[in-house]
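Notes follow the structure.
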Amino acid sequence: MRKVIAAINMSLDGFCDHNSVVADDEIHAHYTSLLSEADTILYGRITYQLMEYWRPFLTKPSGNRSMDEFAHAMDRISKIVFSRTLNNVDWSSARLAHRNMLDEVMALKQQSGKDILVGSPSLIVALTNCDLIDEYQICIHPVIVGGGLPLFMNLNQRIVLKHLKTKTFNGGALLIYYKPESREQN
């Protein structure tokens, strides 16, 4: 069965705001590699629309190799978007989810293929509540933002994680890999 990996950046104080963290060349290279190891990424509407930022780099490269390579990796990976407000998506590698989140993810897990990434805070929480996250890859950036969208909001249970490994980036960010060890009802 395919593995579902929650992969996200956050500030030291636990907030997910793409505008508050700095992705340097090393972090872009890491995420380019991660995207190439998967074949599907799940997004909610807001994160999907944020990621559309990378589309212009396909036809008008930035000149920064790591950013341009990330843009191409982002373009190649299949994107499934969960939204109640979007009627269509026009990125050729994206589609709106055909089923509810649980049914869509269960069907994806049964298919052959590479890992499935989850890149939206709301989907990470929803899939955590459904016990469908196999691994968490949380990149903690050395910045305190003081507010914003907390990553693990509205969990319905306590989850104990097992540390798998840690990767340290030269810029000070830490990527911590965890897997669920046990679940306890509150």
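In the range 3-32, how many residues are assigned to a helix (DSSP H, G or I) and open to solvent by less than 50 Å² (accessible area, probe 1.4 Å)?
5
State which residue is nearest to Tyr136 (Cα to Cα) when the search covers only the range 148-170 and only residues that are touching a helix residue (DSSP H, G or I) at 6+ places or on another chain (Cβ under 9 Å) and at pLDDT 95 or above. Let's see the steps before the verdict.
To start, the set of residues in the range 148-170 that are touching a helix residue (DSSP H, G or I) at 6+ places or on another chain (Cβ under 9 Å) comprises 149-157, 159, 167, 169-170.
Checking which are at pLDDT 95 or above leaves us with 167, 169-170.
Working: Lys167: 13, Phe169: 17, Asn170: 21 Å.
Of everything passing the filter in the range 148-170, Lys167 is nearest to Tyr136 (Cα to Cα).
Give the range 93-135 a look and list any residue that's outside any loop (DSSP other than H, G, I, E, B), closer than 22 Å to Lys179 by Cβ and open to solvent by 50 Å² or more (accessible area, probe 1.4 Å), or say none.
Result: Leu102, Met106, Gln110, Ser122.
Taking the range 141-186 on its own, how many of its residues are within 24 Å of Asp25 (Cβ to Cβ), open to solvent by less than 70 Å² (accessible area, probe 1.4 Å) and in a loop (DSSP other than H, G, I, E, B)?
Total meeting the criteria: 6.
Please find, within the range 50-71, the residue that is nearest to Glu104 (Cα to Cα) out of those that are open to solvent by 70 Å² or more (accessible area, probe 1.4 Å) and touching a residue at least 40 places away in the same chain (Cβ under 8 Å).
Checked the range 50-71; the qualifying residue nearest to Glu104 (Cα to Cα) is Glu69.
In this structure, does Ile138 turn out to be assigned to a strand (DSSP E or B), surrounded by 11 or more Cβ atoms within 10 Å (Cβ to Cβ) and at pLDDT below 95? Explain how you work it out, then say what you get.
Working: assigned to a strand (DSSP E or B): yes; surrounded by 11 or more Cβ atoms within 10 Å (Cβ to Cβ): yes; at pLDDT below 95: no.
No: the conditions fail for Ile138.
Among the residues of the range 72-92 satisfying the criterion of being small (Gly, Ala, Ser) and under 24 Å from Asp17 (Cα atoms), which is surrounded by the most Cβ atoms within 10 Å (Cβ to Cβ)? Explain how you work it out, then say what you get.
To start, the set of residues in the range 72-92 that are small (Gly, Ala, Ser) comprises 73, 78, 83, 92.
After this cut, where a residue has to be under 24 Å from Asp17 (Cα atoms) as well, the list is 73, 78, 83.
Details: Ala73: 18, Ser78: 16, Ser83: 15.
Looking at residues that are small (Gly, Ala, Ser) and under 24 Å from Asp17 (Cα atoms), I get Ala73.
Answer with yes or no whether Tyr43 is open to solvent by 10 Å² or more (accessible area, probe 1.4 Å), under 18 Å from Ala6 (Cβ atoms) and at pLDDT 95 or above.
no
Output the number of the condition that Gly63 fails; it satisfies all remaining conditions of (1) part of a loop (DSSP other than H, G, I, E, B); (2) at pLDDT 95 or above; (3) under 17 Å from the mean Cα position of the chain (by Cα).
(3)
The values are calculated or read from the model by the stated rules, or taken from the named source; none is laboratory data. Nothing here was measured: the structure is a model prediction, and the numbers come from that model. Please note: Cβ atoms are built from the backbone with ideal geometry, for glycine as well, and neighbour counts cover all protein chains shown. In case anyone asks, the SASA skips ligands and DNA or RNA and just uses the protein heavy atoms, side chains included. Shrake-Rupley method; radii C 1.70, N 1.55, O 1.52, S 1.80 Å.
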